[in-house]
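Single-structure report; data block below.
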Amino acid sequence: MDLTNIKGLNEKQIKLLEQLNIYTVDDLLHYYPYRYEFLNPASCLISDEDTIQVVNAIIETEAKASYIRKNFNLLRFRALVGEEVIQVSIYNRAFLKTSLSIGKEVTLIGKYNFKKHTFVANDIKVNAILKPKIIPVYHLTKGVKNIQLEKWIFEAFRLPVSILDAIPNSFLERYDFISKMEALLYLHCPKSTQEIKQARLRLIYEELFEFMFKIMYLKEKESKSFGLQRSFDDQKVQDFISKLPFQLTSDQEKAVFDGLQDLKSEKRMNRLVLGDVGSGKTIVATILMYANILSGYQSVLMAPTEILATQHYLSLLKTFEGYSIHIELLVGNMKAREKKRVTELIMTGQVDLVIGTHALLTENVVFSNLGLVVTDEQHRFGVNQRKMLQNKGYRSDVLYLSATPIPRTYALTIYGDMDTSMISKKPSGRRPVITKVKKENELKEVLGSIYEEIKLGHQVYVVAPIIEESESDELHNVNQLKEKFDIAFRGRVQVAVLHGKMKSSLKSEIMKQYEDGIIHVLISTTVIEVGVDVRNATMMIIFNAERFGLATLHQLRGRVGRNDLQSYCYLISNQDIPRLKVLEESNDGFYISEKDFEMRGQGDLFGVDQSGDMSFQMADLKRDYKILLQAKEDVISFLENKEYLNSSYYLQLIQKIDFMN
Ligand code: ADP
Ligand code: MG
């Protein structure tokens, strides 16, 4: 039902609501308050100056507004609380003046100075609250007031909307949950905290139930879906492995073994390789892509950034030197002619191995016989993007690589639809990266260390949060650091800049020069966060470290320590941020993610561009983990008993999932 049905809501306001992602009455009802104000007005004041007090008062004098400067005014009047006359003042509410008539009862919220009899209000309710009241507080946008949202939502409840309940009846009964409609009503217009609790619990369960349903349904579907049953010469694969410049770790061997089994079996491969940064996931994928090619099919590797795709391309060219395997790169910024050449080769089956970014997803990329799809840094892609690539093949196998920044237990639940290979141990000979948090005034010392590393023939990464100067000069930017470094090193060190806004040909050129050791210090934004592999780099400096989450910092640090040399990481921050200490303590990505989870909860753990798959409105994976497990168990029985066949809600959902997959 569209918003024009809401009484008292005009066109302009409808536009404003769109900024809050509210487009329908249904959206409006699902726009949850993020906190509540509990108002229980007292009839007298207390002497504590620091407590926020809520009292009812009767207005004694006309309110006077003084305009101090633009957008700054003060409203003052006298009022009576019990027997006491007080002087009330409030900032920026001159517009209330006409509503505050003498003799009217209002509710004041603010602090009271007992000696001076002055009350500085931060809010005034012009209609006095006579009974205890709970006020929902919503995230707002300019031009929409909380009280307006309250009113519109109240009006929405009067409309004949039907709200779909994702909790199946049997579970509603089993847990004695209130209905969805009741839950929404309790959430928006609660009469007690008990009601809020009841509503929240039910809505959290609902979200997690539906989430687990999607996962478990996919898993069941995958387990039944047939893949390509391959045959290839095992000996050739073993020869390839034995010619690698290193020996596989036991975890890598196991992951390769399981993957090869997947390829040979008639079941469709749906495997996740989960391992910390630098644990060596790429080679696992490479071996499986090789086996797939041996069996006569094309392989594709999709990476989230152009830099990473290009790097994979160059290093795979090296790995497959001397093998007759045709490899091509496909990224968005390539010239049209070049793209056309590559897509034609892909279509005619002349390419065995394609590496690219989401440019691979466009319609004109058609594979001749795609057999294996590998997605690197899979948490960077949404489900849809991954599936789109998979659908370019007929029954193609899929392999995901991820250094997912979430703890193991959660990962296993969330990725429950996939088979998982865990790479827990890093290749031997790796030393932990020595990590130190430094203040800005220790910069000289850090510059000294950089110089020492470069004299040893090593290379350095520097990361800053922004590219150029911005209004907030507290942040370091890439360009300014380049100037600083050039001055400090007086040209004895080759310093270059790399960031996302640069042309891709320039980016690849700089990346290549860095790989070749021509550039010593590479200053960049977080574009180098994922996957880049330059083994000679031994130092990572991160400016404004407080701006980054632990997962990002750990990923960034993972760019160094990729050989047997001692590597270092300096986190530069003028703030005392306890979470940075976690990185000084540990190099273990899983430990760090547990700590991160502990300290922040799910929060912004996934970052903006990672939120694709898992954005809950109310549930929090950490806090509600028990509910998640229960929901999982319930979903399993729901699927086993085929109960979903009686639920129009789930039949519809299945249609949607099937369509996408
Ligand atoms: P990630 O898991 O972060 O993607 P990579 O696959 O990029 O890590 O591997 C990191 C580095 O370790 C690469 O340079 C790779 O060649 C190297 N490497 C991988 N496996 C081994 C091994 N078993 N022994 C030594 N080095 C290895
Ligand atoms: Mg990688």
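The values are calculated or read from the model by the stated rules, or taken from the named source; none is laboratory data. Because the structure is a prediction, the values reported are computed rather than measured. No Cβ is skipped: glycine too gets one built from the backbone with ideal geometry, and neighbour counts run over all protein chains shown. Areas reflect the complete protein model, heavy atoms only, side chains present, ligands, DNA and RNA absent. Shrake-Rupley method; radii C 1.70, N 1.55, O 1.52, S 1.80 Å.
Under a Cβ-only charge scheme (Lys and Arg +1, Asp and Glu -1), can you give me the dipole magnitude of the range 3-157 about the Cα centre, in debye to the nearest 20?
Dipole size: approximately 580 debye.
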Worksheet item: Roughly how many Å is it from the Cα centre of the range 244-258 to that of the range 167-195, as a whole number?
Response: 51
Worksheet item: For the range 107-112, in order, what is each residue's ³J(HN,Hα) by Karplus, 6.51 cos²θ - 1.76 cosθ + 1.60 with θ = phi - 60°, in whole Hz (x at glycine and Pro)?
Response: 10, 9, 10, x, 10, 10
Worksheet entry | Hits among lysines - C-alpha to C-alpha of LYS7 under 20 Å, sequence gap 8 or more where chains match | LYS15, LYS145, LYS151
Worksheet item: Semi-axes of the range 434-586's equivalent ellipsoid from the Cα gyration tensor, sqrt of 5 times each eigenvalue, largest first, rounded to whole Å?
Response: 21, 18, 16
Worksheet item: On average, how much accessible surface per residue is there in the chain, in Å², for a 1.4 Å probe, leaving out ligands, DNA and RNA?
Response: 48
Worksheet item: What is the Cα centroid distance between the range 78-108 and the range 551-598, reported in whole angstrom?
Response: 54
Item to complete: Return the FRET efficiency for the residue pair LYS115, LYS436: r is the Cβ-Cβ distance, R0 is 60 Å, and the value is rounded to the nearest 0.05.
Response: 0.70
Practice prompt. Would you kindly state how much longer the chain becomes between SER99 and ILE58 on full extension, computed as 0.36 nm times their sequence separation minus their alpha carbon distance, in nm to one decimal?
Written response: 13.5 nm
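On the accessible surface of the chain, probed at 1.4 Å, how many percent belong to carbon and sulfur atoms?
It is 51 percent, rounded to a whole number.
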Practice prompt. Please find the FRET efficiency linking ASN333 to ASN391, where r is the Cβ-Cβ separation and R0 is fixed at 22 Å, and quote it to the nearest 0.05.
Written response: 0.35
Discussion item. As a quick test, which of the pairs LYS221/LYS503; LYS243/LYS340; LYS104/LYS133 have an alpha carbon distance above 31 angstrom in this structure?
Written reply: LYS221/LYS503; LYS243/LYS340
Worksheet item: When only the heavy atoms of the protein chains count and the probe is 1.4 Å, how do CYS44, CYS189, CYS569 rank by accessible area, highest first?
Response: CYS44, CYS189, CYS569
Discussion item. Which of the three applies to the range 198-314, rounded, prolate or oblate, going by the alpha-carbon gyration tensor with a ≥ b ≥ c and a/c under 1.5 meaning rounded?
Written reply: prolate
Discussion item. Over the range 434-586, what is the relative contact order in percent, taking alpha-carbon pairs closer than 8 angstrom and at least six residues apart?
Written reply: 33
Worksheet, complete the sentence: Projected onto the charge dipole of the chain (unit charges on the beta-carbon of Lys, Arg, Asp and Glu, signs +1, +1, -1, -1), the Cα from HIS520, GLN566, LEU372 with the largest positive-side position is that of HIS520
Item to complete: Express the relative contact order of the chain as a whole percentage, based on alpha carbon pairs under 8 Å and six or more residues apart in sequence.
Response: 12
Worksheet item: How much space per residue, in cubic angstrom, does the convex hull of the C-alpha atoms of the range 187-262 take up?
Response: 162
Worksheet item: For ASN364 and THR193, what does the FRET efficiency come to when R0 = 60 Å and r is the distance between their Cβ atoms, rounded to the nearest 0.05?
Response: 0.55
Discussion item. 5 Å is the cut-off here: which amide hydrogens, built 1.01 Å from N in the peptide plane, fall below it relative to SER396, excluding neighbours closer than 5 in sequence?
Written reply: none
Fill in: Reach of LYS444 by Cα under 13 Å, taken over aspartates and glutamates that are not fewer than 8 positions away in the same chain
GLU452
Worksheet, complete the sentence: Semi-axes (Å, rounded, descending) of the ellipsoid equivalent to the range 234-423 per its C-alpha gyration tensor are 24, 20, 16
Discussion item. Compute the distance from the alpha-carbon center of the range 473-521 to that of the range 326-375, in whole Å.
Written reply: 31
Worksheet item: What percentages, rounded to whole numbers, describe P(r) for the chain computed over all alpha carbon pairs with 10 Å bin width beginning at zero?
Response: 3, 13, 19, 20, 19, 14, 8, 4, 1, 0
Worksheet entry | PHE114, PHE209, reordered so the largest accessible area comes first (probe 1.4 Å) | PHE114, PHE209
Fill in: Shape category assigned to the range 3-157 from the gyration tensor of Cα positions, a/c cut at 1.5
prolate
